[in-house]
1. Look at residue 40 and say whether it is under 12 Å from the mean Cα position of the chain (by Cα) and farther than 15 Å from residue 131 by Cβ.
2. Just wondering, is there one or more residues in segment 40-53 that are among the basic types (Lys, Arg) and either farther than 18 Å from residue 127 by Cβ or touching a Leu at 6+ places or on another chain (Cβ under 8 Å) (or both)?
3. Kindly list, by first and then second residue, each pair from a residue in segment 55-80 that is of a type in the set (Ser, Thr, Tyr) to a residue that is in a helix (DSSP H, G or I), limited to pairs with Cβ atoms under 6 Å and residues at least 6 apart or on different chains.
4. Scan segment 94-122 for residues that are part of a helix (DSSP H, G or I) and surrounded by fewer than 19 Cβ atoms within 10 Å (Cβ to Cβ) and jot them down.
5. Just checking, how many residues over segment 1-33 are free of Cβ contacts under 8 Å to residues at least 24 places away in the same chain, in a loop (DSSP other than H, G, I, E, B) and of a type outside the set (D, E, K, R)?
6. Which residue pairs have Cβ atoms closer than 7 Å, lie 6 or more positions apart in sequence or on different chains, and pair a first residue in segment 34-46 that is within 10 Å of residue 94 (Cα to Cα) with a second residue that is outside any helix (DSSP H, G or I)?
7. Filter segment 123-138 down to the residues that are small (Gly, Ala, Ser) and surrounded by fewer than 18 Cβ atoms within 10 Å (Cβ to Cβ), then identify the one that is modelled with the highest pLDDT.
8. Quick one: how many residues across segment 50-93 are in contact with a helix residue (DSSP H, G or I) (Cβ under 6 Å, 6 or more places away or on another chain), assigned to a helix (DSSP H, G or I) and more than 20 Å from residue 29 (Cβ to Cβ)?
Amino acid sequence: MGKIQRVVIDTNVIISAFGWDGKPLQVMELLEGGAIRNCVSEQTLKELIAALAYPKLGFPHATQTGILEFVLAYSDVYDPVERISAASDPDDNRFIECSAAAHARIIITGDKRFLSLKRHGNVRVLSPEDFLQGRKAT
């Protein structure tokens, strides 16, 4: 078995996995199975907590807690020191900063604007579909 791949999973992928299944859920299954390890920071966790509470999502409090516990169980927390301004949406920079702190080379997102960045240095920004396809190719 090879080295576990560190990735940074954007909030929208986590929300989609638990709300609508599909490819994002397959990413969570890789996380749960130990094939990948998620990297988070205080800022990315705060974003997740806020997103889980959005009334339009309708997640009951117990579900919000369960999702957060799942993410924490399969994630390592990093404290980014480098501030990066590469994404068109300033909120997306926190995921790039986390990837830099964790030395993670992949950010998985469903955000089309964030995906248009494609790469920042040696970090690739991939959709869940492209990430899963790349894993099959190796």
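1. yes
2. Yes, that holds for at least one residue.
3. These pairs meet every condition: 74/31; 78/98; 78/101; 78/102.
4. Across segment 94-122, the qualifying residues are 101, 112, 113, 115.
5. Residues flagged as free of Cβ contacts under 8 Å to residues at least 24 places away in the same chain, in a loop (DSSP other than H, G, I, E, B) and of a type outside the set (D, E, K, R) within segment 1-33 amount to 2.
6. Taking only residues 6 or more apart or on different chains, the pairs are 40/75; 40/77; 41/77; 41/78; 41/79; 41/80.
7. 134
8. Residues flagged as in contact with a helix residue (DSSP H, G or I) (Cβ under 6 Å, 6 or more places away or on another chain), assigned to a helix (DSSP H, G or I) and more than 20 Å from residue 29 (Cβ to Cβ) within segment 50-93 amount to 3.
The values are calculated or read from the model by the stated rules, or taken from the named source; none is laboratory data. No experiment lies behind these values; they were computed from the predicted model shown. When we count neighbours, we look across all protein chains shown, and the Cβ atoms used for this are built from the backbone with ideal geometry, even at glycine.
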